[in-house]
Amino acid sequence: MPQTGVPPATQRFDSVDVLRGISIAAVVLHHCYIRFVIAGHDLGHVLPQALWRILFLNGGNGVTVFFAVSGFLITYISLRRFGSLTHLKPRVFYRIRFARIAPLLLALLALLSILHLLHINAFYISPKRATLPQALIAALTFHLNWLEAKRGYLPANWDVLWSLSIEEMFYLFFPLACLLLLRIRRVGMLLFCLLLTTLIVLAPLGRTLWAANELEAEKSYLGGMGAIAMGCLTALLLQRWQMRRTLPSPTKLLALAWSGGALMLFAEMPFRVTAIRPFMHWIAVRDLDDSLLTFGACMVIFGLVARNRAGSQWVVPIRWLGRLSYEVYLTHEFFVIGVTLLALHIGHTTGKGLGRGMVAWSLFTLLLSSAFGWLVATCFSEPMNRRLRGAPHPAELTSLPDRR
């Protein structure tokens, strides 16, 4: 049972939903850009370079932020649900994860299997990459990222599962680490934090020194788990300060969040600023920019969640999109493929080309993906989530109402 003194459940974290909304939008737009580039059309020639970079080249950064957000939410919600990680109940933890992740994942795999067996273009898995059973086993045992790193990219709707493999492999061992380390008297928490810190330190090595090529670097377990671990540490630090009632003032917390946002931009954007270009080159060569991005995201999360203020009405659409991020992430490639093919067909038929119309088509894809994500969440994944969870376990009675 949760310990006394643990704050009761609160509203959703609007700031976290905003981060997720921005991240999933970045992923969708980036995948639209990739499709147009494959077809021989480059958005970089029709937009100002800075705007083009912000809108269409941040898909990988969006996934990194997802990892950090996921680590924070899972840890923070577990702290409230069980009172402390020492009392985490693996059976409850795994059941909740299964209820949230499995229904849509299994439905997606079933549909992709049918499309593959029908030899539908853009969904058929090349025998040079993998067989259908190999792809299914990889997706269900959370090593599709490893399969792609060794064999090459699978079709787009399969490829999105690489990040889910990293995330769920982390959470497969998360409760076990809590049981084995946190119950060691006096030094348990120190050992647990040391494990998380080790993952953070090794993450850049997983993306560089220990990766044989760019694809292995992108799909690295360590590369993604470092961001998740930093999110976990952020949740532990926040809970510790809340319990001791030593949080900074709301003004300082807001300043921390703004500083984190600036650091996120710094990690990605300023390569063209002559004065700091050599420094940024040093960071990029060692792939520390992802670590800086993650650290900035965790600063934003800590500052805004600790303030515990309702979000602005101006960002309601982004928060709404953030709450649908899982559904949109798993299904958006259907619309990326379909809308891109439609745009290319219309451009070829009319003879006018695409030009800046590619931006409008990409935004249209984002709109369709969001609407379908809402439909899937409302009619399928959320009802299945509630049904599979069943009657709440006593340890869940103080859980946060967040679907992660």
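I'd like the full set of residues that are more than 19 Å from Leu330 (Cα to Cα) and small (Gly, Ala, Ser), limited to the range 91-130.
Ser126, Ala130
Would you check which residues across the range 93-124 are on the phi < 0 side of the Ramachandran plot and over 25 Å from the mean Cα position of the chain (by Cα) and list them?
Passing the criteria: Ile114, Leu115, His116, Leu117, Leu118, Ile120, Asn121, Tyr124.
Is there a residue being more than 23 Å from Phe335 (Cα to Cα) and acidic (Asp, Glu) anywhere in the range 150-163?
Scanning the range 150-163 turns up no residue that is more than 23 Å from Phe335 (Cα to Cα) and acidic (Asp, Glu).
Kindly indicate the residue of the range 11-41 that is touching a helix residue (DSSP H, G or I) at 6+ places or on another chain (Cβ under 7 Å) and farther than 22 Å from Gly261 by Cβ and also surrounded by the most Cβ atoms within 10 Å (Cβ to Cβ) among those meeting that condition.
Cys32
List pairs: first in the range 26-54 and modelled with pLDDT of 90 or more, second among the β-branched types (Val, Ile, Thr), Cβ under 6 Å, 6+ apart or cross-chain?
From the range 26-54, the pairs are His31/Val336; Cys32/Val336; Cys32/Thr365; Arg35/Val336; Arg35/Thr340.
Considering only residues of the range 199-251 that are among the hydroxyl-bearing types (Ser, Thr, Tyr) and open to solvent by less than 30 Å² (accessible area, probe 1.4 Å), which is nearest to Glu148 (Cα to Cα)?
Ser220
Among the numbered criteria (1) modelled with pLDDT under 85; (2) surrounded by 13 or more Cβ atoms within 10 Å (Cβ to Cβ), which one does Ala275 miss?
Unmet for Ala275, out of (1) modelled with pLDDT under 85; (2) surrounded by 13 or more Cβ atoms within 10 Å (Cβ to Cβ): (2).
Of everything in the range 252-272, what is open to solvent by 70 Å² or more (accessible area, probe 1.4 Å), at pLDDT below 95 and not hydrophobic (A, V, I, L, M, F, W, C)? Give them in sequence order.
Arg272
Please go through the range 123-146 and give me each residue that is outside any helix (DSSP H, G or I) and in contact with a helix residue (DSSP H, G or I) (Cβ under 7 Å, 6 or more places away or on another chain), ordered by number.
If the condition is that a residue be outside any helix (DSSP H, G or I) and in contact with a helix residue (DSSP H, G or I) (Cβ under 7 Å, 6 or more places away or on another chain), then Phe123, Tyr124, Ile125, Arg129, Ala130, Phe142, His143 are the ones that fit.
Looking at Ala203, is it touching a helix residue (DSSP H, G or I) at 6+ places or on another chain (Cβ under 6 Å) and in a helix (DSSP H, G or I)?
Yes.
Please work out which one of (1) within 18 Å of the chain's Cα centre (by Cα); (2) open to solvent by less than 70 Å² (accessible area, probe 1.4 Å) is the condition Leu147 fails and give its number.
Against the list (1) within 18 Å of the chain's Cα centre (by Cα); (2) open to solvent by less than 70 Å² (accessible area, probe 1.4 Å), Leu147 comes up short only on (1).
Would you point out which residue out of Ala110, Ala130, Ala149 is closer than 24 Å to Leu341 by Cα and out of contact with any Cys (no Cβ under 7 Å at 6 or more places or on another chain)?
None of the other options fit; the residue is Ala110.
Residue by residue, here is whether (1) out of contact with any Gly (no Cβ under 7 Å at 6 or more places or on another chain); (2) crowded, with 18+ Cβ neighbours inside 10 Å; (3) farther than 18 Å from Ile228 by Cα; (4) at pLDDT 95 or above holds:
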{"residue": "Val65", "(1), (2), (3), (4)": "yes, yes, no, yes"}
{"residue": "Ser70", "(1), (2), (3), (4)": "no, yes, no, yes"}
{"residue": "Leu73", "(1), (2), (3), (4)": "yes, yes, no, yes"}
{"residue": "Arg81", "(1), (2), (3), (4)": "yes, yes, yes, no"}
{"residue": "Lys89", "(1), (2), (3), (4)": "yes, yes, yes, no"}
{"residue": "Tyr94", "(1), (2), (3), (4)": "yes, no, no, yes"}
{"residue": "Ile101", "(1), (2), (3), (4)": "yes, yes, no, yes"}
{"residue": "Leu104", "(1), (2), (3), (4)": "yes, yes, yes, yes"}
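The values are calculated or read from the model by the stated rules, or taken from the named source; none is laboratory data. Just so it is clear, the structure is predicted and the values come from calculations on it, not from any experiment. In this analysis, Cβ positions are derived from the backbone assuming ideal geometry, glycine residues included, and neighbour counts consider all displayed protein chains. When the accessible area is computed, the model is the full protein with side chains, heavy atoms only, and any ligands, DNA or RNA have been set aside. Shrake-Rupley method; radii C 1.70, N 1.55, O 1.52, S 1.80 Å.
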